[in-house]
Each structure stands twice: as C-alpha cells, then as structure tokens.
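Participant: Pasting a structure here, questions to come.
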C-alpha cells in the first residue's frame, strides 16, 4: 500500500514521519473525487454506493478517486467482509483509498492489552469480532488470561487485515480539500494537527455555529453523525450513521464545481 501511495502522491508530507501515520497530498485534482462517509460494517451499502458512483462518473478509470473517510469497522454486521472488499481491486476500475478513523485505531489497540480489548468490545468491537466468527464467550475481556485472548484475535483476524489497518493514512489533501476522518481543530495549522485531532475531533455541524470559522481549506469528514449532509465553504460532513440509519452518503468533488451529494438507501429506507 505504501508503494501505491508513493506512486500516486509522490511522497508523504514531511511531518507524517514524526507523527506516525501517513499524510498524503496531491496538487493535481482527479477528474472526479468521491468521498464516502463512515461505513461501519455495512458492506451491502458500500457495494451499492460504489456501483452508484461508477454510474455517476460515467467512463470510469484511474482518474476517478474514491476515498473512504474511515470507521469502516465496528457496529455494523460485516466489518471483516468490508476489509476483504477494500483489499481487493475495485471492480469498477477507479482508484480507491481509505483513511484511518478512531474505530480502526481502537481495533489495532485491542491487540496490545486486555484493557484496550475490553474497551474496544464496548465501543463496537463485539460486532466486528462476530464478523470474523469470534463469539464474545471465547474471550475473557476481564483479562484473567490476556495471552489466551490475544491468541484468539490472532487466530481469527488475518494478518493482512491488521497490516491494512496499520498502513492507513490519517489525511489526504487534494488542493484545497482536506480529507480526514474526524476534522481539523480550529486555529491550528494543518501541519500541527495531531493524529488524535484527525481521528477524534468533533466539528460543530450546525452551519450557523460555523459562520465565524475561517480556514484555508475545506475539510471533508465523517465521525460526527448528521441527519443530512452538511456543505459549507469550510466544511463537508457526510457521516449519516449508516449502521443505524440505513443510509450511506458520499460527496462528489470536481475542480471548480459545486459538490454533489450521492446517497445509498438500505431496505428500511424504502419501506
């Protein structure tokens, strides 16, 4: 994955090395850039939305980019299958990237200690474990035998899935658009935003509350659930709570054009 990033984006931004997670930047805008909100284990909605995106883009090639803003795991029923899907080449021919969210971080940290595993289980990890065929009864989140718990995780969760999560960038900047999972902390330079800021910070999603916030960038993010997508000159919020709302949202960005919202509705939304 790092070789792909280097080929497409040239090089990681310098500050990424000292902060840990990759931060990518491109001054070349693709023909169209589609950004997808938090999937949270809803493979059904993701596959259907990608098909919608392919139809919307028309002729699909590597100049069409699709970026998932993170939190592809937890809470929904098919997290393992979502990662399998993201590891496979996109069937529609576009370039696809995924960002690291706070739930990806929590899943990785669950391998490190009993306390982190217990917290992840309460944070949405139980559903993810079930997607790998792990029942909570197989684990002892209370940590009487951490080595046993870790062995269960390593036996059921493929190493390539762990590596995939470990390699994810926390930011992709495309000209004046900054794509992150959670947001940018106001008043802090882009290079000084921490990985925690980019994975955890919550923006106000009331447009009236943001009237006074000025930035050189438009931040496109998920993390904070909105009933309807929010689009302002400084912020595009597209997490519509797919795992509970049955609605997955994307935004189409083209250089010099207004953003376009694309939504995929699940069965409950059609009743």
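Each value in this text was obtained by applying a stated rule to the coordinates, not by laboratory testing. What you are looking at is a predicted structure, and each value in this text was computed from that prediction instead of being measured. All Cβ positions, even for glycine, are placed from backbone atoms using ideal geometry, and neighbour counts span all protein chains on display.
Participant: Only bridges whose two residues both fall in the chain count here: according to DSSP, what percent of them are antiparallel, nearest 5?
Facilitator: Of those bridges, close to 45 percent are antiparallel.
Participant: Let me ask something additional. Hey, quick one: spin label on residue 48, modelled 7 Å out along Cα-Cβ, who in region 248-271 has an amide N within reach, i.e. under 12 Å?
Facilitator: Once the point is set 7 Å along Cα→Cβ of residue 48, 248-249, 263-271 turn out to lie under 12 Å by backbone N, inside region 248-271.
Participant: Order of 83, 64, 260 from fewest to most other C-beta atoms within 10 Å?
Facilitator: So the ranking, lowest neighbour count to highest, is 260, 64, 83.
Participant: Kirkwood Rh over Cα pairs of the chain into Stokes-Einstein at 25 °C, 0.890 mPa s: D in µm²/s?
Facilitator: Estimated via Stokes-Einstein, D reaches 129 µm²/s.
Participant: Pulled fully out, how much extra length does the chain show between residue 28 and residue 84, if you take 0.36 nm times their separation in residues and subtract their Cα-Cα distance?
Facilitator: 17.2 nm
Participant: Obtain the nm distance between the two label points defined at residue 217 and residue 122 by a simple spin-label model: each point lies 7 Å from its Cα along the Cα-to-C-beta direction.
Facilitator: Here the modelled spin labels are 3.3 nm apart.
Participant: Still on this structure: Return the calculated 222 nm mean residue ellipticity for the chain, to the nearest 500 deg cm²/dmol, obtained by summing -39500 (n - 2.57) across DSSP H runs with n ≥ 4 and dividing by the residue count.
Facilitator: Roughly -9000 deg cm²/dmol at 222 nm, from the helical runs in the chain.
Participant: Suppose the chain between residue 159 and residue 147 were pulled fully straight at 0.36 nm per residue; how much longer would it get relative to their current alpha carbon spacing?
Facilitator: 2.6 nm
Participant: To the nearest 0.05, how large is the calculated FRET efficiency for residue 115 and residue 257 if R₀ is 51 Å and r is the Cβ-Cβ distance?
Facilitator: Step by step, r from the Cβ atoms, then E = 0.60.
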